[in-house]
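Since the structure comes first, as structure tokens, the remarks are kept for the end.
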Amino acid sequence: MPRMDAQGLDRLAARARRLARPGHRRVLGLAGPPGAGKSTLAARLVDRLDGLAVLVPMDGFHLAGAELDRLGRAARKGAPDTFDAAGYAALLARLRTPEPGTVVYAPAFDRALEEPVAGSIPVPPEIPLVVTEGNYLLHRAGAWAAVRPLLDEVWYLDLPDAVRVPRLVARHVRFGRSRPEAEEWVARSDEANARLVAEGRDRADLVVTTG
């Protein structure tokens, strides 16, 4: 089980680089519970691959706030049914088979706005590796079941709750919640989602200890 120290990051970057073979598109997934460090590791890997990889986060497929309100799911934002899982799987399928000369545009998620932003991430056809990260890459229910077969490798990021939960609370505070609101949201919503995410741990190709 690799650790996320400097040497561990070197080994992970080397493993990702082996996937990034020009002329053949691969997709690497990073899964794990909220606050495990998925986006941080994904960004570091892409940076180390020197133009051979593009990061496409699952969070770009959050349903918009207005739609969550309409569906009565705003209080559970981050749960599996608050994403467009089928749309995410469709994008992964398209990314696996790039068309010459065609740039695919993926959505991003703006944490300051708490909204997805369409057409934000260009993925040129010559890029050999797409790195995608998110909670539910290993989830089996509903449309999420289509995601795992579209990923060449999935790494599960594991971080002790004693580190992960305070980090998650601090992130919510940084983006505008009061500390009591952040603690309540983490305890009620994020940790319920974390338990669902942990059910897929054994389906990963590699478990990485972060923190």
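What net charge is computed for the residues neighbouring residue 99, neighbours being all others with C-beta under 14 Å from the C-beta of residue 99, Lys and Arg scored +1, Asp and Glu -1?
Around residue 99, the charge tally is +2.
Where a ≥ b ≥ c are the square roots of the eigenvalues of the C-alpha gyration tensor, would you call region 1-109 rounded, which needs a/c under 1.5, or, failing that, prolate if a/b is larger than b/c, or oblate?
Note, shape of region 1-109 comes out oblate.
May I ask for the distance between the Cα centers of region 130-160 and region 27-50, given as a whole number of Å?
Spelled out, the Cα-based centre of one part sits 12 Å from the other.
Out of region 118-183, which trypsin sites (Lys or Arg not before Pro) are coil in DSSP terms and have no more than 13 other C-beta atoms within 10 Å?
Listed in order of number, the matching sites are 140.
Note the angle between two axes, namely the Cα long axis of helix 161-174 and the longest principal axis of the Cα atoms of the chain, as a number of degrees from 0 to 90, rounded to the nearest 10.
Its long axis makes an angle of about 80 degrees.
Suppose only helical runs count, i.e. DSSP H with n ≥ 4. What mean residue ellipticity at 222 nm does that imply for the chain under -39500 (n - 2.57) per run, divided by all residues and rounded to the nearest 500 deg cm²/dmol?
-10500 deg cm²/dmol
How big is the gap, in Å, between the Cα center of region 179-206 and the Cα center of region 80-126?
Centre-to-centre (Cα) distance: 23 Å.
Just want the ordering: 38, 77, from fewest to most Cβ atoms lying within 10 Å of their own Cβ.
Least to most surrounded, the residues fall as 77, 38.
Scan around residue 49 for amide H atoms under 5 Å from its own, H built in the peptide plane at 1.01 Å from N, and keep only partners 5 or more places away or cross-chain.
Here nothing satisfies the definition.
Stretch residue 94-residue 73 to full length: gain in nm at 0.36 nm per residue minus the Cα-Cα span?
Roughly 4.7 nm would be gained on extension.
Mind listing the phi-derived Karplus ³J(HN,Hα) values for region 141-149, rounded to whole Hz, using 6.51, -1.76 and 1.60 with θ = phi - 60°, and x for any glycine or proline?
Along region 141-149, the couplings run 7, x, 5, 5, 4, 7, 6, 4, x Hz.
Hey, what do the phi angles of region 38-50 turn into as Karplus ³J(HN,Hα) couplings, whole Hz, using 6.51/-1.76/1.60 and θ = phi - 60°, x for Gly and Pro?
4, 5, 5, 5, 4, 5, 5, 5, 4, 4, 6, 8, 6
Which far-off residues, 5 or more places away or on another chain, put their amide H under 5 Å from the one on residue 110, with H placed in the peptide plane?
Under 5 Å from the amide H of residue 110: 115, 117.
At most 15 other Cβ atoms within 10 Å and a DSSP loop assignment: could you name the chymotrypsin sites (Phe, Trp or Tyr not before Pro) in region 109-211 that fit?
175
Could you tell me the relative contact order of region 6-209? Use alpha-carbon pairs under 8 Å, at least six residues apart, and round to a whole percent.
32
Hey, what do the phi angles of region 97-106 turn into as Karplus ³J(HN,Hα) couplings, whole Hz, using 6.51/-1.76/1.60 and θ = phi - 60°, x for Gly and Pro?
10, x, 9, x, x, 10, 8, 9, 9, 9
For a Förster distance of 25 Å, can you work out the FRET efficiency between the beta-carbons of residue 114 and residue 207, rounded to the nearest 0.05?
0.25
Please list, ordered by chain and number, the residues whose modelled amide H lies under 5 Å from the amide H of residue 154; skip anything fewer than 5 residues away on the same chain.
29, 205, 206
Coordinate-derived values only; no laboratory data. From a predicted model like this one, the values you see are computed outputs, not experimental measurements. Cβ atoms come from the backbone with ideal geometry, glycine included; neighbour counts cover every protein chain shown.
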